[in-house]
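Written below as structure tokens is the structure these notes are about.
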């Protein structure tokens with residue numbers, strides 16, 4: 001089996017070497033025979049060195065459920081300014097949208113928005129909060145759980161990404177980080193600080209960051225309507241550009257108190273505040289088509305928004321006799337966001353045509369509690385049972401005016417929504433033999449959403465049972481080899497905005513730019529899953545693994561565009577519906593290890609690589625591209641870190657690749673996106689143990705990002721193809737321990 005490891009490494013990292021020379025781990029140096037060389041025992045100072053990478057790998061190896069952990073080393077490596085930039089390099093993870101901008105959601109296993117469960121400290125973040133924009137300096141580690149577990153919500157068909165905020169580890173120094181990122185000559189400074197402290201039995205870690213981001217965006221859209229058996233009926237070119245600035249502050253203090261009884265009480269609030277403003281300009285030229293089809297020649301926009309999110313996480317751990325433990329969680333969350341947009345359109349002579357006003361005010365707040373009782377039972381059993389209760393409330397007011405006339409019947413849309421989620425679970429972690437462990441769990445979860453919108457009352461209720469089974473077998477005689485398997489049932493609940501939402505209107509309503517509404521009759525998607533994996537561990541910090549998965553999905557949700565009579569007349573409207581059954585499968589390969597593990601006399605280089613291949617098909621939609629929405633066929637990452645021996649310098653980088661995506665989302669709609677190639681490089685110079693400088697360059701290729709959509713109706717193909725510019729970003733970060 002060990003002879004297969006070099007071959008697997010070649011396949012995973014694309015090494016040019018035809019063979020690897022396997023070497024045993026270096027032994028300890030021989031002791032000196034001279035007794036004078038030995039220092040007196042009383043003067044020897046004991047030093048314990050703990051490697052973060054080894055801790056992360058060991059946690060992964062010992063976990064019964066498939067779980068990957070990425071600590072501060074991964075978070076700091078490239079000097080990223082957002083968690084989204086880090087996630088795109090992790091195995092099996094892709095980030096939608098164009099490089100450097102995101103906005104398309106975080107996805108595991110190629111699946112679209114909503115299939116990947118995103119958590120903060122094991123809890124759902126407040127509504128409207130984007131984890132992609134979270135500052136890495138506020139994060140302690142990222143956990144990726146490929147299969148659902150009973151302890152967390154099983155709304156994780158693709159898997160779960162858990163963002164763990166800064167913890168109360170034994171940090172002794174104040175850590176200060178000063179960063180400046182530069183894109184197209186625009187500076188985006190960032191300042192973050194973490195301050196530890198202790199007073200008696202109370203310990204704390206105060207973390208804060210403030211930032212300002214400036215950016216320019218530019219894109220071109222080609223609109224074309226062509227009869228299936230005839231000439232082009234409409235052709236337009238639209239050039240869009242915008243300039244924006246955002247400022248914000250993130251605070252995440254952590255307090256921990258240890259009682260005389262051994263109980264611990266921990267509380268960690270998390271505050272995010274953002275202010276944004278942007279100005280946009282859109283120029284449209286029409287070469288083919290009736291003049292009335294041109295909505296405007298120029299459109300000017302001015303948008304301002306502000307958002308504040310506050311979330312508190314707490315838990316009380318009570319140790320009981322016989323190794324039993326009770327962990328009670330509690331929390332609260334709230335958020336408010338306000339936005340105002342004014343869009344003015346003009347004809348070719350500069351004469352004003354229409355003015356659109358769009359204002360939105362949203363308020364979210366909620367409470368949650370949960371707990372887990374754990375106790376050993378019999379030999380090799382660790383039984384746990386627990387609960388989760390969550391209540392959330394939303395108030396939203398949306399005002400949309402067209403030249404002062406309301407787009408809503410009552411000149412504004414008010415929405416109030418309440419969501420209640422209850423869950424109970426039981427699980428058993430069973431060490432069947434020293435080599436074989438299993439995890440058995442069962443979770444029941446119910447969600448009820450009620451709402452009043454413009455005087456209409458609607459409700460939606462879903463209840464799901466989710467049995468899960470994970471097992472790991474450590475191969476006898478091969479201490480560093482193990483096999484994993486899992487059988488699970490998970491689900492995807494409809495998002496609140498898909499169930500009940502105030503309408504979103506398009507100023508240029510057409511087949512490819514419809515209005516958007518919700519559907520209160522949506523059912524949750526249900527998925528049965530099978531996961532298999534083989535893992536081989538190299539030394540203390542290396543791994544080569546191969547895994548495969550299958551998901552069988554019922555009640556698939558998709559958006560459908562139809563022509564409907566509205567208060568504004570006959571318009572194209574997009575709404576979500578349940579369509580049919582789907583299946584997705586894939587393989588995921590990963591290799592991460594020091595080069596010295598497989599090649600004698602190699603330089604001090606760490607290699608990181610992963611490759612994923614995905615398949616899917618949706619019943620009821622004609623092929624050949626009847627795939628799950630937004631799912632890429634492949635994705636790959638390759639990176640290395642080289643620690644020079646002659647200088648206090650580490651250099652490295654990574655290459656991220658996702659090929660073009662073409663998906664037949666319905667019988668009449670085809671969606672595409674172009675290839676994504678992102679090259680990131682960095683250098684780290686350590687002046688001394690307290691000061692280091694990190695320089696990074698991200699998205700060096702700066703490729704244009706293409707996307708498109710074609711909808712066929714009434715024997716006419718309506719297409720919109722967008723080319724958006726992307727930009728290289730350069731950053732410099734000074735890291736200090738005070």
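Each value in this text was obtained by applying a stated rule to the coordinates, not by laboratory testing. Note that the structure is predicted; figures quoted are calculated from it, not measured. Heads up, the Cβs are rebuilt from the backbone with ideal geometry, glycines too, and the neighbour counts pull from every protein chain shown.
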ask   = Quick one: if you stick a label point 7 Å off each Cα along the C-beta vector at residue 216 and residue 647, how many nm between them?
value = 3.3
key: 284, 422 arranged by Cβ crowding within 10 Å, fewest neighbours leading   = 422, 284
task = Measure off 7 Å from each Cα along the Cα-to-Cβ vector at residue 293 and residue 617, then give the distance between these two points in nanometres to one decimal.
result = 3.7
query = With a ≥ b ≥ c the root eigenvalues of the C-alpha gyration tensor of region 226-271, is it rounded (a/c under 1.5), prolate (a/b larger than b/c) or oblate?
reply = oblate
ask   = Roughly what would the spin-label model give for residue 715 and residue 424, points 7 Å off Cα along C-beta, in nm?
value = 6.2
request  = Compute the Cα gyration tensor for region 153-274, then decide on rounded, prolate or oblate, letting a ≥ b ≥ c be the square roots of its eigenvalues: rounded whenever a/c is under 1.5, prolate when a/b is larger than b/c in the other cases, and oblate in all that remain.
outcome  = oblate
key: Helix-derived mean residue ellipticity, 222 nm - over the chain, DSSP H n ≥ 4, -39500 (n - 2.57), to 500   = -1000 deg cm²/dmol
ask   = Ranked highest first by the average count of other Cβ atoms within 10 Å around their residues, in what order do 235-242, 527-534 fall?
value = 527-534, 235-242
task = Round to the nearest 0.05 the FRET efficiency obtained for residue 704 and residue 187 when R0 = 30 Å and r is the Cβ-Cβ distance.
result = 0.80
request  = Take every Cα pair under 8 Å in region 490-638 that's 6+ residues apart, average their separations, divide by the length, and report that relative contact order as a whole percent.
outcome  = 19
query = Dividing the convex hull volume of the Cα atoms of the chain by its residue count, what figure in Å³ per residue is obtained?
reply = 186
Packing rank of 575-583, 225-233, where each peptide gets the mean count of other beta carbons within 10 Å, highest leading = 575-583, 225-233
Added length on full extension, which subtracts the Cα-Cα distance from 0.36 nm per residue, residue 686 to residue 436 = 85.6 nm
request  = Report the calculated FRET efficiency for residue 281 and residue 602 (r = Cβ-Cβ distance, R0 = 45 Å), to the nearest 0.05.
outcome  = 0.25
query = Where does region 323-374 land on Rg(C-alpha)/(2.2 N^0.38 Å)?
reply = 2.49
request  = Arrange the following residues from fewest to most other Cβ atoms within 10 Å of their Cβ: 491, 115, 572.
outcome  = 572, 491, 115
ask   = Based on the mean of other beta carbon atoms within 10 Å per residue, what is the order of 435-445, 291-301, most packed first?
value = 435-445, 291-301
Degrees, to the nearest 10: 4-13 long Cα axis against longest axis of the chain = 40
message = Please report the spacing between the Cα centers of region 461-504 and region 665-738 in Å, no decimals.
response = 29
query = What relative contact order, as a whole-number percentage, does region 594-738 give when Cα pairs under 8 Å and 6 or more residues apart are counted?
reply = 17
query = What percent do you get for the relative contact order of the chain when only Cα pairs under 8 Å and 6+ apart count?
reply = 12
query = Going by a ≥ b ≥ c, the root eigenvalues of the Cα gyration tensor, does region 544-603 fall in the rounded group (a/c under 1.5), the prolate group (a/b larger than b/c) or the oblate group?
reply = oblate
request  = Compute the long axis of helix 52-62 from its Cα atoms, compare it with the longest principal axis of the Cα atoms of the chain, and write down the angle in degrees, 0 to 90, nearest 10.
outcome  = 90
query = If R0 is 56 Å, what FRET efficiency do you get for residue 180 and residue 577 from their C-beta distance, rounded to 0.05?
reply = 0.75
ask   = Taking neighbour Cβ counts within 10 Å as the exposure measure, how do 98, 510 sort from fewest upward?
value = 510, 98
